[in-house]
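Contents: one structure, followed by commentary.
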Amino acid sequence: MTLYEELGIISVEQLLEAVHQERLRDLKGFGERTEDNILHGISLLQKAGGGRILIGAAMDAAEQLVAELSVVRGCVRCTYAGSLRRMRAVTDHAPDLAVQRMTREKILAQRERVRELDGRHHRMWLLHGTERNIGPDGSLDWPDEFLADFDLCVASVHSHFNQSRHELTRRLIRACENPHVAVIGHPTTRRIGERPGIDADFDAVFADAASAGAPAAPASRYPVSGRSRTS
């Protein structure tokens, strides 16, 4: 945001030009080290042909990012699980999002294939997961009994972005409290230059997620029926 507001940078090419012209050094919080990290990131992107970055390269970048964030004032905790180098997860969207037109039959066939591949790779774990859609009321596609055998469940908001702050907050909290949800995907739903983030009370969401299942959890300002998470 700073690069956009102060220098009008809206593309990788403009960013690269600004780094070479040393224009970032005059901005608060930026310096030579920041320039080096940006150049490294652009190099990774170019090696990936401008598209998705290979997981190994992304993890190298993650380790470097953690080192940077660890010394940022206000950062409470920033860690990187090195064991992820041996872990991969497949998490296609569930049926309410028509991106892949997923069905139970297709996802179970996928699971069988993942299990076959997992048995062949002794130095890498393959997890079978799903990304579930968080409905307007916080409900999730696919019932809990079907989700019990997934290794990983992600829940994300993909629609109804203009709900009230109260409704969006309760929606996210209800998803957090589902015992099968391990990750809330892209919680703000923001797309830079395309779509603003949703208006939710994320402090309340994070606090509720942290205390879900605690014996003496404080009463939420956004109550939902039951607190079912136990771990």
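Filter segment 20-33 down to residues that are loosely packed, with under 12 Cβ neighbours inside 10 Å, within 18 Å of Met1 (Cβ to Cβ) and of a type outside the set (Gly, Ala, Ser) and give me whichever is modelled with the highest pLDDT.
Filtering first and then ranking leaves Asp26.
When you look at Ala209, is it at pLDDT 85 or above and among the small types (Gly, Ala, Ser), yes or no?
no
Determine if segment 127-137 includes at least one residue that is charged (D, E, K, R) and farther than 15 Å from Gly185 by Cβ.
yes
Would you confirm, using the coordinates I've provided, whether Arg170 is under 12 Å from Ala94 (Cα atoms) and charged (D, E, K, R)?
No.
Can you pull out every residue in segment 123-176 that is within 16 Å of the chain's Cα centre (by Cα) and in a strand (DSSP E or B)?
Gly129, Thr130, Glu131, Arg132, Asn133, Ile134, Leu152, Cys153, Val154, Ala155, Ser156
Check segment 192-203 and report whether any residue there is among the β-branched types (Val, Ile, Thr), farther than 24 Å from His128 by Cα and touching a residue at least 24 places away in the same chain (Cβ under 8 Å).
There is at least one residue in segment 192-203 that is among the β-branched types (Val, Ile, Thr), farther than 24 Å from His128 by Cα and touching a residue at least 24 places away in the same chain (Cβ under 8 Å).
Tally up the residues in segment 178-207 that are open to solvent by less than 10 Å² (accessible area, probe 1.4 Å) and acidic (Asp, Glu), please.
Counting residues in segment 178-207 that are open to solvent by less than 10 Å² (accessible area, probe 1.4 Å) and acidic (Asp, Glu) gives 0.
Hey, could you check segment 92-131 for residues that are closer than 23 Å to His160 by Cβ and modelled with pLDDT of 90 or more and say which is surrounded by the most Cβ atoms within 10 Å (Cβ to Cβ)?
It comes out as Thr130.
So, in segment 5-19, of the ones that are open to solvent by less than 40 Å² (accessible area, probe 1.4 Å) and touching a residue at least 12 places away in the same chain (Cβ under 8 Å), which residue ends up nearest to Glu35 (Cα to Cα)?
Checked segment 5-19; the qualifying residue nearest to Glu35 (Cα to Cα) is Val19.
The values are calculated or read from the model by the stated rules, or taken from the named source; none is laboratory data. The shown structure was predicted, so the numbers you read here are calculated from the model rather than taken from an experiment. Using ideal geometry, Cβ is built from the backbone for each residue, glycine included, and neighbour counts are taken over all protein chains shown. We work out accessible area using only protein heavy atoms, side chains counted, and drop any ligands, DNA or RNA first. Shrake-Rupley method; radii C 1.70, N 1.55, O 1.52, S 1.80 Å.
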